[in-house]
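Okay, so here's the structure we're looking at.
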Amino acid sequence: MAMISTKTNSLLELAQFWSQRLSPDFSLRDHEKYLYTPLDAISFGISPKEPWHRALGDVVFHNGYLAQGDVLGMEDAPAFLQEKYLSLRQKEDDFLCRYNLAYSPAFYYLPLRQNNSKITIADSERRHAVATSLLCYIPPGAEHYLEIHNMAQETRLSHCHIVVFLASGSKLQLLLIHELDEPSQSIVHLHFILSVESQAVVYDLQLSGKLSRTSIEADLEGERSFFSLNGLLLGRGEEHRDSTSLLIHRSSYSESKTLCLSLLNNKASSAITGNIVVEPRIREAKAHQLLRSLLLSDDAKAFCRPQLEIGSHEVNCSHGSSIGELDQEALYYLQSRGVSKEEARQLLLKAATAHLLQDLAPIFLPTTQERLNYYLKEVAYG
Amino acid sequence: MKEILDKVQEDYEAGFVTPVEQDILPKGLNEDIIREISRRKNEPEFLLKWRLAAYEAWKKMPEPKWAKVIYPPIDYQAISYFAAPKKKIKSLDELDPEIRATFERLGIPLKEQEVLAGVEGAPVAVDAVFDSVSVGTTFKEKLRELGIIFCSFSEAVANHPELVEQYLGSVVPVRDNYFAALNSAVFSDGSFCYIPKGVKCPMELSTYFRINAAGTGQFERTLIIADEDSYVSYLEGCTAPRRDENQLHAAVVELIAMKNAYIKYSTVQNWYPGDREGRGGVYNFVTKRGLCKGENSRISWTQVETGSAITWKYPSCILKGDNSIGEFYSVALTRNYQQADTGTKMIHLGKNTRSTIISKGISAGKSVNTYRGLVRISSKAQQARNFSRCDSLILGSEAKANTLPYLEVKNKSAVVEHEATTSKVSEEQLYYLRQRGLGEEEAVYLIVSGFCKEVFRNLPMEFAVEAQKLLSVSLEGAIG
């Protein structure tokens, strides 16, 4: 396990600034602005008596994929990256990100030189809360496959903040898996900065846990940059899933695609917010968004906000959203051929997810396939 | 292209002022002003109490800031809340010729044998509201024969207080929102309509709102009740003089549809939009809501929004009765510095309820056009269906179009679908029309009216003609 305690002086100052200003009394009210969801469904359970920052998190770097030597402290990052990172975090207005900034034990820098790497976020000591900060850098022209496995256990709240800089012409495929145990709650904040002709494809699989949330911010800064988000949210019991994305087209010819699907059984709920912003005077930007929810039980709830904010006329943007139940005819068809109701459901759910994951890199298949089958079955049976 | 832009004309035809002697209450808002408004209108005690309760609620409310519109703070003490022509009249024949001329110039007939805007067809009954008061209602007698009550709100308070007391505020309660609370406290007049059981209203009913006096706001209330098995088609139009100051218009419209009733409510909103530099114009902060109370009831909102400096308006349907239907068809055109944040709310409570939302936004110049819509399916709304389609067309490089839908589903049997697109006028379509000899402006107009066709189709004939005309005038010079 790597534990490099590294904060640059300026980051340290910023962290101190926020640690003095943020009250350790973690209050839901403060959080309300950032979550569009039935707040009654969420409880962080952090009482003022147990300030969450006293317990700090760690990151497990997998030896198999990521060589120990590749994990560096922030101070080892090139000066221009440090500068960019600092300016980014100075502007942070998200309440949780500020907390993360103030209480992250270490700021890691991953240059991601090799072809693939895997990071597991876990809390080996079963602490109340975990805060993690990472900066990843994909060098020019490089192609990388990054897997982030969030495995918080008995954690009241895990907050992970990851910034990814994609240099010009680089490509990244990122697989993020939320696989938490029953009481755990986890929020992963991903911020992408895309340079000229860079591409980032993100697969966000939220499989289990009381609350999981992926919040994605992508700055399409370079011309012809491309960003794609594929989210699959599975919920059962009283779980809550949240996917929030803010894709900002800051350059001409940039393109983004968002595809999000939530499958909910029992009393589970999901909130999907997709926000696409096209800045003024941007030419030929393309943005497409499709948010879907399937409700499998009477008590499941789905909330969708597909939003477009278009400031330029030379664009081609569209969004669609649909919420409904499984196709009853297809269900009947399968049942009439001797497939049990649950199995039929499982089949149909699998079919619904196929489109979402069809371009997943083969390197990720060993991690995803079995897991997905297992959790789809769990959702289908409820 | 630049020449076309330079050609932009001040083409707001309704921007004139009528020189008529008026009785205006001093500026400011306090309990005494509200008592004075109530006293002048000889209102019963219950209404005064209702107004004062609304005022108390309003004082404690913060002004909403969530809409994507920017405007300087409004000084509510600098507005006069009541302005009425001095001459009191008993019948339409006594109407001040200046006022009659005003409405005639706007194409609104105040003589019963005339028809709207020169269109041949069925006659239209008009309730004309001039600043704070209703100056006349046509075809009252003919409608009364069928049991239909169509009159100004003040008359309804005087003659049918029991209906007013029963239904006023039942759809939009006084504490609903900031502007509805303000309206409830100071509303001065408006239209009232009651369609009795089994009656299909034989003509279109219409209200025409006109702001004339400077330094005032208009706060009117419309209440329409359609009893079982009845039908009514209601039209609403509005204009104001061209002025450099901003004027506030905060209205409330409540519709109630009982079992098997159908209310069709159409609006052509053409308040003064401000000049090319964004000076002046009306702030149109309106709360419109319909309640489908009985089974199989239906409420249909159709709106064409071309005016107002700022629009803040969400005509909504509460689908309470089983099998009830809510519809919303909207065209919102903004240009210069206009800002519109408009859309709808469809709240499904009953079983088998259905709603359709078709919204077309066109933004030109430096304007901002936002669609904001909510579709909520409650846990008891079995088999609810919703379809929404929101398209935006951007004309010009500095215009903005936002689409902000909110979908909330708590019942698995619901089917909710939402689609939206944002684009500019297709080069191909433009090229096709140009090579067939059409000028650029003409070609764009043709494409835009095709874009809005789905909505215009739902307007009553009289209004469809007016809306088309308004669209062409508004698009003039807005193409760049």
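Computed quantities for the displayed model
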{"item": "Exposure proxy ranking, count of Cβ atoms within 10 Å, fewest first, for B:Met61, A:Met74", "result": "B:Met61, A:Met74"}
{"item": "Cut-off under 5 Å, modelled amide H: who pairs with A:Leu172 long-range", "result": "A:His144, A:Gln199, A:Ala200, A:Val201"}
{"item": "Beta bridges by DSSP in the protein assembly as shown, antiparallel share as percent, to the nearest 5", "result": "10 percent"}
{"item": "Inter-label distance, nm, simple model (7 Å from Cα along the C-beta direction), A:Gln153/A:Leu12", "result": "3.5 nm"}
{"item": "Lysines whose Cα lies under 17 Å from that of B:Lys200, excluding same-chain neighbours fewer than 8 positions away", "result": "B:Lys140, B:Lys142, B:Lys259, B:Lys264"}
{"item": "Cβ-based exposure ranking for B:Tyr234, B:Tyr167, in which fewest neighbours within 10 Å come first", "result": "B:Tyr167, B:Tyr234"}
{"item": "Antiparallel DSSP beta bridges within chain B, percent to nearest 5", "result": "10 percent"}
{"item": "From phi via Karplus (6.51, -1.76, 1.60), per-residue ³J(HN,Hα) for the stretch B:411-428 in Hz, x at Gly/Pro", "result": "9, 6, 7, 7, 10, 10, 10, 9, 9, 8, 9, 9, 7, 9, 5, 5, 4, 5"}
{"item": "Packing-based ranking, highest mean first, of B:198-208, B:34-44, B:247-257 given that Cβ atoms within 10 Å are counted", "result": "B:247-257, B:198-208, B:34-44"}
{"item": "Debye-sum result for the protein assembly as shown in log10 I(q)/I(0), which assumes one identical scatterer on each alpha carbon, at q = 0.07, 0.09 Å⁻¹", "result": "-0.62, -0.96"}
{"item": "Test item: A:298-305 mean partner chain Cβ contacts at 10 Å", "result": "6"}
{"item": "Hits among lysines - C-alpha to C-alpha of B:Lys49 under 24 Å, sequence gap 8 or more where chains match", "result": "B:Lys27, B:Lys41, B:Lys59, B:Lys60, B:Lys288"}
{"item": "Exercise: per-residue mean of other protein chain Cβ atoms within 10 Å, B:417-429", "result": "5"}
{"item": "Packing rank of B:68-79, B:380-391, where each peptide gets the mean count of other beta carbons within 10 Å, highest leading", "result": "B:380-391, B:68-79"}
{"item": "Relative contact order for chain B, counting Cα pairs under 8 Å that sit 6 or more residues apart, in percent", "result": "11 percent"}
{"item": "Eligible lysines near A:Lys91 by straight Cα distance, threshold 19 Å, same-chain separation 8 or greater", "result": "A:Lys7, A:Lys33"}
{"item": "Rg over Rh, two decimals, chain B (C-alpha only, Kirkwood Rh)", "result": "0.95"}
{"item": "Helical mean residue ellipticity (222 nm; -39500 (n - 2.57) per DSSP H run of 4+; nearest 500) of the protein assembly as shown", "result": "-6500 deg cm²/dmol"}
{"item": "Gyration tensor (alpha-carbon) shape descriptor, the stretch B:210-255, a/c threshold 1.5", "result": "prolate"}
{"item": "Share, in percent, of DSSP beta bridges within the stretch B:124-280 that are antiparallel, nearest 5", "result": "20 percent"}
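Coordinate-derived values only; no laboratory data. The shown structure was predicted, so the numbers you read here are calculated from the model rather than taken from an experiment. As a convention, Cβ positions derive from the backbone with ideal geometry for all residues, glycine included, and neighbour counts pool all protein chains shown.
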